[in-house]
Amino acid sequence: MDLNFYLDVLKNVFLPFNLFMAVFGVVIGIIFGALPGFTAAMGIAILMPLTFSMTPEAGLIMMGALFAGAMWGGSVSAILINTPGTPGAAATVLDGYPMAKQGRAADALRESVMSSFWGGILGVIVLQLFAPPLARVSLMFGPPEYFLLAIFGMTIIASLSEKMIVKGYMAGFLGMLIATIGMDPLLGIPRFTFEITGLVDGVMLVPALIGLFSIPEVMEIIQLHGSQEEPIPSLKNVKIGFPTWAHTRRLAPTYLRSSLIGLIVGILPGAGASIASFMAYNEEKRASQTPEKFGTGMIEGVAAAEAANNAVCGGAFIPMLTLGVPGDSVAAIMMGGLMIHGLNPGAELFTTYANVTWTFIFSLYLANVLMLLFGLYCAPWFSWATQTPRHILAISIILLTTVGSFAVRGSMTDVYVMLGFGILGYLLKSHGFDVTPVVLGVILGPMAEKGLNGTLSISHGQNTLWFILKRPVSLILIGFTIVALLIPYFRSRSKKDVFASEEPDVL
Amino acid sequence: MFPINVNRKVSLVFMAVVALFFGYSFFYPPEVVAFPRFLLAVLFLLCILLFIRPGDLGKIKVTAFLTRPKLITAAFMVGYVALFPFVGFFVTTFLTVFAYILVFERTARLKGFLIALGWVALLYVAFQTLLFIWFPEGLLI
C-alpha cells in the first residue's frame, strides 16, 4: 500500500456523503447511548437496514460512528441520572454520579468524553497496526483451523459469560444449533425447517439480531414505566470545553492503562465493554494512592471506565475483520452488515477490498474526533434525551424493529423471524441467560460445521485427530481453547472477581 | 413475589428442544445431521449439568417476568406485526403509536396524535422516499 492509496482512502472518508454519515452516526449513537435501555448493539441492529442501499463504505462508517458515539453516550445518563445508558457505562456510575451530586457534572462529562476519545483513538491505532498482520495469519488457516477457531470462540465466550457459565455454554450451543436450520452445506438438503418455507435459506442473521437485542430491551424499558426518574442536574449555560494540558498529562497513565485493558478485553470474543470498564476501574483503584476515595467522585474512576469501554471498539474489530470471530455483540452485528454488503472477513478484506476496509478504519479516527467535539460542546443538549418517557421509547423501538426487519428483503418472513428471536431473547434473558453467546453461536456455527466437514474431507475421515495435531496453528488454537476452559477455574480461585462481584444490575 | 428455582425447569425445556431436534434429525441422511447431533449431545450434557447443579441464580422473581406493562407492550408488538401486512403501513403505524401512548398517558391525545403522525412521516421519508423500500399498502391506503 503506497501513499497514494492512503490519500485515496482519506478522500473516501471525507466524501460529503460519508462525512454526513459519520456525523449522523455519532449523533444518533450518542442519543442511543444516552437513552437508558438503548444499547449500541440495538442501535446498530435497528439502523443497519438503512445502510443496505448505501455503499459499503458509507454503511460501515455510519455503524462505526454509531458504535463510538453510543459508547460515550452511555456515560451521559450514568453521570446525570445514575443509570448507565449502555452496559459499558455501568462502572462510570460509581464515580460519575457522585461527582454530579457534588455539582461537578460538567467535570465528569468532560472527563468521560476526553477519556472516551483517548481510549477510542488508541483502540483504532492498535486496530490499524495489528489487523493486517493478523489477516495474513488467517491465510495459514485451513478447515481444521477454522473448526478449532470456532470451538475456541465458543469456549471463551462461555467462559467469560457474565452470568452462569453452564448457561453461557448452553446459549452458545443453542445459537450454533439455530445456525444449522436451513440448507445443509454438504448436500444442500434443507434441515430442521419444520415445513416452514421461509426457513429453507436458514435464519436470516440481521432480523434475528434485531429481535435478540431489541425486544428484551423493550420489555426492560417498559418495566420501568412510572418509576421515579432522577431529575437531571441543571446544565443550562454550562460550557464544558477542553481540559488543561496539565490535567491531561496527569491522567495520561490512566488513559493508557485502561485503554490497554479495553483493547485486550475487546479482542477476546464475548467479553464486552462492561467487563472491560469494570476491570479497568478495579485496576485504577488498585494503582491509586487513595483507593478508599473511589466511589465518592474520583475523576480517575470515570476516566478509567470510559477509556476502557471505548478502547473495546477497536479491539473488538480486530478478530472480526481478520478471522470472522467478533469480539463483542456490536462487532457481531457489524459482521452481519459486512456480509450483507458481500464482504467476508479475512485476508480478502485487506487485499481485494482494502479500500473499503481502510476507509472504515480511518473513519473511526474521524468518529472519535466528532464524538469529542459533540461531547464537549453539545453535552447539555444530549442530557435531555435521558428524560424521554419510557413508553415513548418502547413504542419507538417496536416501530423501528418491525420496519427495519421488513426493510432487509421487503419480506414479512424476516419480521416474523425478528419477533420469534425477540421472544426467544426475552425468555432467555428473563431466565438468567446472556443473549450474546447465542448471537456468536449463530455466527460461529456455520464456520465450525464447514471446518469440520472440510477437515473430514481432506483427511479422508482417517486419523482425523492426528491430522489436526500435526498442524502447528491447530496446536496453538487447541492450547488457547484449553486455557479458555481453565479460565472459570482461575476466576473462581481469584479473590478479586471483577466479572461478577461488583457489577450492579445494568440495563 | 416468592422466589422459585427455575434452572431445573430451564434445563427440562432445553432437553425438550434437544429431543425435538434429535427426533427430527432421523428424517435426514446421517451425514447431513452429524454436526447438529454433535451439538445436541453437548447441549444434552449441559442440560444434565444444569439440572444436577442449578446454583443460586436459579432464583428469580416470578413477578418480573410478565407484568401489566409488559403484557400490554407484547400485545401491541404482536398486533402491530400481525396487522402490518394486511391493514398497511400508514394506518397500522399511526393507530398503534396513538393507541399505545393513550394506554400509558390517558389524557395525552394531542401528544399521541402528533407523535404518531411524526413517526409515520419519519419512517415514510427515511424508508420509502430515500431508500425506496416499499411497505405493504394494505386495505385502506
Exercise for the section: Might you check whether a residue that is closer than 19 Å to residue A:47 by Cα and open to solvent by 30 Å² or more (accessible area, probe 1.4 Å) occurs anywhere in the range A:369-391? Expected result: no
Problem - residue B:80 vs. criteria closer than 21 Å to residue A:413 by Cβ, at the interface with chain A (Cβ under 7 Å from one of its Cβ atoms), of a type outside the set (A, V, I, L, M, F, W, C) and in contact (Cβ under 8 Å) with a residue 12 or more places away in the chain - result: yes
Exercise for the section: State the number of residues belonging to the range A:123-154 that are open to solvent by 50 Å² or more (accessible area, probe 1.4 Å) and in contact with a Ser or Thr (Cβ under 7 Å, 6 or more places away or on another chain). Expected result: 1
Problem - Condition met for residue A:464 (among the polar types (S, T, N, Q), open to solvent by 10 Å² or more (accessible area, probe 1.4 Å), farther than 30 Å from residue B:116 by Cα and within 13 Å of chain B (Cβ to nearest Cβ)) - result: yes
Handout entry: Some residue of the range A:356-367 being modelled with pLDDT under 85 and open to solvent by 20 Å² or more (accessible area, probe 1.4 Å)
Key = no
Problem - Positions within the range B:84-109 being in a helix (DSSP H, G or I) and modelled with pLDDT under 90, in sequence order - result: B:84, B:85, B:86, B:87, B:89, B:90, B:104, B:109
Completion exercise
Across (1) surrounded by fewer than 22 Cβ atoms within 10 Å (Cβ to Cβ); (2) free of Cβ contacts under 8 Å to residues at least 12 places away in the same chain; (3) under 25 Å from residue A:220 (Cα atoms), residue A:395 clears everything bar (1)
Problem - the range A:408-431, subset in contact with a helix residue (DSSP H, G or I) (Cβ under 9 Å, 6 or more places away or on another chain), facing chain B (nearest Cβ under 8 Å) and open to solvent by 20 Å² or more (accessible area, probe 1.4 Å), residue nearest to residue A:164 (Cα to Cα) - result: A:431
Handout entry: Residue that is surrounded by the most Cβ atoms within 10 Å (Cβ to Cβ), among those in the range A:1-34 that are in contact with a Ser or Thr (Cβ under 6 Å, 6 or more places away or on another chain) and under 25 Å from residue A:82 (Cα atoms)
Key = A:33
Practice task
Could you list all residues from the range A:179-215 that are open to solvent by less than 20 Å² (accessible area, probe 1.4 Å), outside any loop (DSSP other than H, G, I, E, B) and within 11 Å of chain B (Cβ to nearest Cβ)?
Solution key: A:191, A:211, A:214, A:215
Completion exercise
For the range B:110-129, the count of residues that are under 24 Å from residue A:51 (Cβ atoms) and either at pLDDT below 90 or at the interface with chain A (Cβ under 10 Å from one of its Cβ atoms) (or both) equals 10
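The values are calculated or read from the model by the stated rules, or taken from the named source; none is laboratory data. Small disclaimer: the values here were computed from a predicted structure and weren't measured. Because the Cβ atoms are built from the backbone with ideal geometry, glycine has one as well, and the counts that use them run over all protein chains shown. Remember, those area values only see protein heavy atoms, side chains included, never the ligands or the DNA or RNA. Shrake-Rupley method; radii C 1.70, N 1.55, O 1.52, S 1.80 Å.
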